[in-house]
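Just below is one structure, and these are the notes that go with it.
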Amino acid sequence: MKNIFFIFILLIIATVSNATDKNSFVWVDDENYWPAIYRGKDGKPAGIFNDILTEAFMRLGIPLKKAVYPWKRAQKMVKDGEADGMVTVHTKARQALTLATEPIWNIDETLFFRRDNPKACEMLKINSFGDMKNLTVVDIIGSGWTEDKYKKYGIKHIIWVPSVDIAFNMLAKGRADIFIMFDLNAYNILSKKRVTKGILLKGYENIITISPIFSSLPFRLLIRKNSPFAKKIDDINRVLKKMKKDGTYQRIKEKYAAITPAL
């Protein structure tokens, strides 16, 4: 009799769990885009986007199921219907698949190169993608907004790599001229390459940035068009606007500004 009762309880728990999963917004994102979104020490999502969306969905009363993966995989999960949304730039390709909320956060992208590169003088004059045609660019697989720009401006010398670490290694070793990167994430990665007395590892000591900001991009929550949550965009926008007005955004900004390393 006790065994039957125990099995009955397990069935109830499983039923409730399945119902919760079906009612949850499934959000997947990049595991290595610090401090916007990344895998925390406990293996769970952390960062600016995580703080914003966790608060927003709590206010909406919608359960949020979240996980981070390599960026290419996360995008595929949304495309294949395994997840409801992701936070990124609403490129032309993504517009066909998703609807976008108002901007969640603006990400500043900066150009990095080696000061001892023979083309350094040429790179110092870069004002737009049109100035990069004669340079070799290294970039991360899945970076949709830059891929659009490369096609638009006829930039053909591109080395696609799976991670930011590999991209910076390519730059440090002189195998690429330019790397366009989220400035705060770049500073964090480069700071970890420091050894004793503040000296950077070989090749990294020559990596510099051209200017504080090359491009500022609005990152939005992109929701798959056939997701049941697509009809909730107006509600999500309403909550995001309220969070911006009530000081929530400012507190998040100050939190991450305090832990961002200097280059």
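In debye, nearest 20, what is the charge dipole magnitude of the range 108-215 about its Cα centre with +1 on Lys and Arg Cβ and -1 on Asp and Glu Cβ, if you could check? Provide the component values of the computation, followed by the final result.
Working: 16 positive and 12 negative charges, 76 e Å.
Magnitude of the dipole: close to 360 debye.
As a test of the definition: which semi-axes, in Å, follow for the range 108-215 when you take the square root of five times each eigenvalue of its alpha carbon gyration tensor? Largest first, please.
On the way: eigenvalues 97, 44, 32 Å².
Working from the Cα gyration tensor, I get semi-axes of 22, 15, 13 Å.
Any chance you could give the angle, 0 to 90 degrees and rounded to 10, that helix 183-192 forms with the longest Cα principal axis of the chain?
Approximately 80 degrees, to the nearest 10.
What list do you get for S143, S216 if you sort them by fewest beta carbons within 10 Å? It would help to have the intermediate numbers written out before the result.
Values: S143 21, S216 9.
So the residues, fewest neighbours to most, are S216, S143.
For the range 108-215, what relative contact order do you get, as a whole percent, if you take Cα pairs closer than 8 Å and at least 6 residues apart? Provide the component values of the computation, followed by the final result.
On the way: 157 pairs, mean separation 48.5, N = 108.
Relative CO of the range 108-215 lands at 45 percent.
How high is the relative contact order of the chain, given as a whole-number percent (alpha carbon pairs under 8 Å, six or more residues apart)?
Working: 402 pairs, mean separation 67.5, N = 263.
After rounding, I find 26 percent.
Using Rg and Dmax of the Cα atoms in Å as the read-out, say which of [x] 21.2, 82; [y] 18.2, 62; [z] 18.2, 55 was calculated from these coordinates.
Correct label, based on the coordinates given: [x].
With +1 on each Lys and Arg Cβ and -1 on each Asp and Glu Cβ, and nothing else charged, work out how big the dipole of the chain is about its Cα centre, in Debye to the nearest 20.
Working: 43 positive and 27 negative charges, 27 e Å.
Once rounded to the nearest 20, the dipole reads 120 debye.
Please order I252, I159 by the number of other Cβ within 10 Å, starting at the fewest. Intermediate results must be reported in sequence, preceding the final value.
Values: I252 20, I159 14.
By the 10 Å Cβ count, ascending, the order reads I159, I252.
Relative contact order of the range 44-135: what whole-number percent is it, with Cα pairs under 8 angstrom and at least 6 residues apart? Could the numbers behind the result be given before it?
Numbers: 27 pairs, mean separation 17.1, N = 92.
It comes to 19 percent, rounded to a whole number.
Can you tell which of Y256, N32, P218 lies farthest toward the positive end of the dipole of the chain, using +1 and -1 charges on the Cβ of basic and acidic side chains (Lys, Arg; Asp, Glu)?
So the residue we want is N32.
Could you please state, rounded to a whole Å, how far the C-alpha centre of the range 209-251 is from the C-alpha centre of the range 147-196?
Using only Cα atoms, the two centres lie 25 Å from each other.
Provide the per-residue ³J(HN,Hα) series for the range 67-84, in order, calculated from phi with Karplus coefficients 6.51, -1.76, 1.60 and θ = phi - 60°, each as a whole number of Hz, with x at glycine and proline positions.
Whole-Hz 3J(HN,Hα) from phi for the range 67-84: 7, 10, 9, x, 4, 4, 5, 4, 5, 5, 5, 5, 4, 7, x, 7, 9, 8.
Counting other beta carbons within 10 Å of each Cβ, put W145, W34 in order, fewest first.
Working: W145 18, W34 24.
The most exposed by this proxy come first: W145, W34.
Taken together, the values in this text are just the output of simple stated rules run on the coordinates, not laboratory data. Just so we're clear, the structure is a prediction, and the values are computed from it rather than from any experiment. Glycine also receives a Cβ, built like all others from the backbone with ideal geometry; neighbour counts cover every protein chain displayed.
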